[in-house]
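Engineer: Quick one: the structure is below, and I'll ask about it shortly.
The values are calculated or read from the model by the stated rules, or taken from the named source; none is laboratory data. Everything numeric here is computed off the predicted structure, so don't read it as measured data. With ideal geometry, Cβ positions are generated from the backbone for all residues, glycine too; neighbour counts draw on all protein chains shown. Only protein heavy atoms, including side chains, enter the accessible area calculation; ligands, DNA and RNA are left aside. Shrake-Rupley method; radii C 1.70, N 1.55, O 1.52, S 1.80 Å.
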Amino acid sequence: MDPWLIWLIVSAVLIVAEIFTLTAALGMLGAAALITAGSAAAGLSPPFQFLLFTVVATVTLLFVRPVAVRHLLQPQAERFGVDALVGKAAYVVSEVTGMDGRVRIGGEEWSARSYDETLVIPRGATVDVMEISGSTAFVYPRE
C-alpha cells in the first residue's frame, strides 16, 4: 500500500474520531496527517514524512488549537427567544402569587408566578422577569 494512502486513512480516522470527541486535538492531528499524505504523494521519503507530521502536529496543537478552543468556549453574544426576556420589565395584568397570575412582557401576555412564593404582587405593579419556565414567567417586584 502506498504511504500517501496510509496517511490519508490515518487522517480520515482522526477526523472522524474528532467528530465524536470535540476536543480539537484529533482534528489537528488529522490535518497534519492530511498534509503529510500530500507530501508523501509528492515523493517525500518516509523519515521526512514523519518529521513533517511531527512539525505540523506540534505547530497546530500549540498555536491553532488554543485559538479554536477559545472561540468555541466564548459565551453567546446575544440571547434569543425566551432567554431574551429574562431581566426585562413586565406589567402585572392580574394579581401574581406563588400559584398564578398574568403579566405583560413587551406587548405579550404571559402566565406568571411570584419568584418568591410568599409574595403577592398587586395588579398594576412593575416587576422584573427573573426566569422563564415553559410558558410561565417567574417575576419579582421592582423596588
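Engineer: Answer with yes or no whether residue 61 is crowded, with 18+ Cβ neighbours inside 10 Å and assigned to a helix (DSSP H, G or I).
Structural biologist: no
Engineer: So the check is Cβ under 7 Å with 6+ separation or different chains; which pairs have a first residue in the stretch 1-30 that's over 18 Å from residue 58 (Cβ atoms) and a second one that's crowded, with 18+ Cβ neighbours inside 10 Å and not aliphatic (A, V, I, L, M)?
Structural biologist: 3/49; 15/27; 15/30
Engineer: How about the stretch 117-143: which of its residues are open to solvent by 60 Å² or more (accessible area, probe 1.4 Å), touching a residue at least 12 places away in the same chain (Cβ under 8 Å) and not basic (Lys, Arg)?
Structural biologist: Correct list: 117, 118, 120, 122, 126, 130, 131, 135, 140.
Engineer: Out of the stretch 47-79, which residues are closer than 22 Å to residue 15 by Cβ and of a type outside the set (A, V, I, L, M)?
Structural biologist: Result: 49, 50, 53, 54, 58, 60, 63, 65, 66, 70, 71.
Engineer: Let me ask another. Given the structure, is residue 104 under 21 Å from the mean Cα position of the chain (by Cα) and open to solvent by 60 Å² or more (accessible area, probe 1.4 Å)? I'd like the intermediate steps shown before the answer.
Structural biologist: Working: under 21 Å from the mean Cα position of the chain (by Cα): no; open to solvent by 60 Å² or more (accessible area, probe 1.4 Å): yes.
Answer is no for this residue.
Engineer: Something else about it: Regarding the stretch 80-89, can at least one residue be identified that is under 30 Å from residue 24 (Cβ atoms), open to solvent by 80 Å² or more (accessible area, probe 1.4 Å) and out of contact with any helix residue (DSSP H, G or I) (no Cβ under 8 Å at 6 or more places or on another chain)?
Structural biologist: Yes, there is a match, as at least one residue in the stretch 80-89 is under 30 Å from residue 24 (Cβ atoms), open to solvent by 80 Å² or more (accessible area, probe 1.4 Å) and out of contact with any helix residue (DSSP H, G or I) (no Cβ under 8 Å at 6 or more places or on another chain).
Engineer: Exactly one of (1) at pLDDT 90 or above; (2) out of contact with any Leu (no Cβ under 9 Å at 6 or more places or on another chain); (3) open to solvent by less than 100 Å² (accessible area, probe 1.4 Å) is unmet by residue 95. Its number?
Structural biologist: (3)
Engineer: Report, ordered by the first and then the second residue, all pairs with beta carbons closer than 8 Å, sequence separation of six or more or different chains, a first member in the stretch 63-76 that is closer than 17 Å to residue 28 by Cβ, and a second member that is assigned to a loop (DSSP other than H, G, I, E, B).
Structural biologist: Partner pairs satisfying both residue conditions: 65/24; 68/24; 69/24; 72/24.
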